[in-house]
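To start, the structure itself, in structure tokens.
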Amino acid sequence: DVKVTQSSRYLVKRTGEKVFLECVQDMDHENMFWYRQDPGLGLRLIYFSYDVKMKEKGDIPEGYSVSREKKERFSLILESASTNQTSMYLCASRNQGFSYEQYFGPGTRLTVT
Amino acid sequence: GQQLNQSPQSMFIQEGEDVSMNCTSSSIFNTWLWYKQEPGEGPVLLIALYKAGELTSNGRLTAQFGITRKDSFLNISASIPSDVGIYFCAGQSTSGTYKYIFGTGTRLKVLA
């Protein structure tokens, strides 16, 4: 079974803090994704990484950065957290190739106060 | 961002009933994925479809890739209380190599 894990299920941070969200997958997938999910807005892509040290901006990259130093790990960084970044953050991974099955982690509910 | 039209938005059904929902797009897709998400959890992949007309089952769930490649359908047979959740589709466009477009979701509630 594919397993995608996220470092925290719930996080509460203060405005202006630097926040790190970690994601690890155990299936040797090349591609990894970070999304945020908000009511009424659905899933929105923040960043995508197609391989180690490779990244592409998604639809809403402002205020975020990412790091992928190892194939299994993809980190999302909020440089200076703001209240409008309160959201559910979902990491996902998939194997590059014929199968485009994308697997999600359990999510991190981040609250910025 | 763009979202796929998914219907119905929500439904209450009796336990044991069959459920149907669908997703439509204005664009052609080469992959359709169906997910279930429970409150506070990440989406779980249920079924993946890759060819127009393809019909795939996973237990009581059956999904179809529409022949126009612009729609997909999910059926749940003999629903049970644990089917409660939000079901949503995701499509991958022929023009994109990694982006998925997600449906608006169908909230399912099963009455025992």
Worksheet item: Any residue at all in region B:35-51 that is out of contact with any Gly (no Cβ under 7 Å at 6 or more places or on another chain), assigned to a loop (DSSP other than H, G, I, E, B), among the hydroxyl-bearing types (Ser, Thr, Tyr) and touching a residue at least 12 places away in the same chain (Cβ under 8 Å)?
Response: yes
Going through (1) surrounded by 13 or more Cβ atoms within 10 Å (Cβ to Cβ); (2) more than 10 Å from chain B (Cβ to nearest Cβ); (3) touching a residue at least 40 places away in the same chain (Cβ under 8 Å); (4) part of a strand (DSSP E or B) one by one, residue A:27 fails only at (4)
Apart from one, (1) more than 14 Å from every other protein chain (Cβ to nearest Cβ); (2) within 16 Å of residue B:12 (Cα to Cα); (3) touching a strand residue (DSSP E or B) at 6+ places or on another chain (Cβ under 6 Å); (4) among the hydroxyl-bearing types (Ser, Thr, Tyr) all hold for residue B:106; the odd one out is (1)
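Given B:14, B:6, which one is buried (at least 20 other Cβ atoms within 10 Å of the Cβ), polar (S, T, N, Q) and either out of contact with any Asp or Glu (no Cβ under 6 Å at 6 or more places or on another chain) or within 12 Å of another protein chain (Cβ to nearest Cβ) (or both)?
Values: B:14 fails: buried (at least 20 other Cβ atoms within 10 Å of the Cβ).
Checking each option against the conditions leaves just B:6.
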If you go through B:67, B:13, B:80, the only one that is aliphatic (A, V, I, L, M), closer than 27 Å to residue A:40 by Cβ and modelled with pLDDT of 90 or more is B:13
Log entry, pairs with first residue in region B:86-98 being facing chain A (nearest Cβ under 10 Å), second being at pLDDT 80 or above and surrounded by fewer than 18 Cβ atoms within 10 Å (Cβ to Cβ), beta carbons closer than 7 Å, six or more apart or on different chains, reads B:92/B:30; B:98/A:50
Residue count, region B:30-73, condition farther than 27 Å from residue A:3 by Cβ and within 12 Å of chain A (Cβ to nearest Cβ), comes to 1
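Conditions (1) in a strand (DSSP E or B); (2) more than 20 Å from residue B:44 (Cβ to Cβ), marked per residue:
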residue	(1), (2)
A:77	yes, yes
A:80	no, yes
A:88	yes, no
A:92	yes, no
Exercise. Is there a residue being within 11 Å of the chain's Cα centre (by Cα), in a loop (DSSP other than H, G, I, E, B), within 14 Å of chain B (Cβ to nearest Cβ) and on the phi > 0 side of the Ramachandran plot anywhere in region A:35-58?
Worked result: no
Going through (1) within 27 Å of residue B:32 (Cα to Cα); (2) surrounded by 19 or more Cβ atoms within 10 Å (Cβ to Cβ) one by one, residue A:66 fails only at (1)
Per the filter on region A:65-113, residues within 14 Å of chain B (Cβ to nearest Cβ), over 25 Å from residue B:93 (Cβ atoms) and among the aliphatic types (A, V, I, L, M) are A:110
Per the filter on region B:55-112, residues surrounded by 18 or more Cβ atoms within 10 Å (Cβ to Cβ) and of a type in the set (Gly, Ala, Ser) are B:63, B:66, B:72, B:79, B:85, B:90, B:91, B:103, B:105
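The values are calculated or read from the model by the stated rules, or taken from the named source; none is laboratory data. Since the structure is predicted, the reported quantities are computational estimates derived from the model, not experimental observations. Glycine gets a Cβ as well: all are built from the backbone with ideal geometry, and neighbour counts include every protein chain shown.
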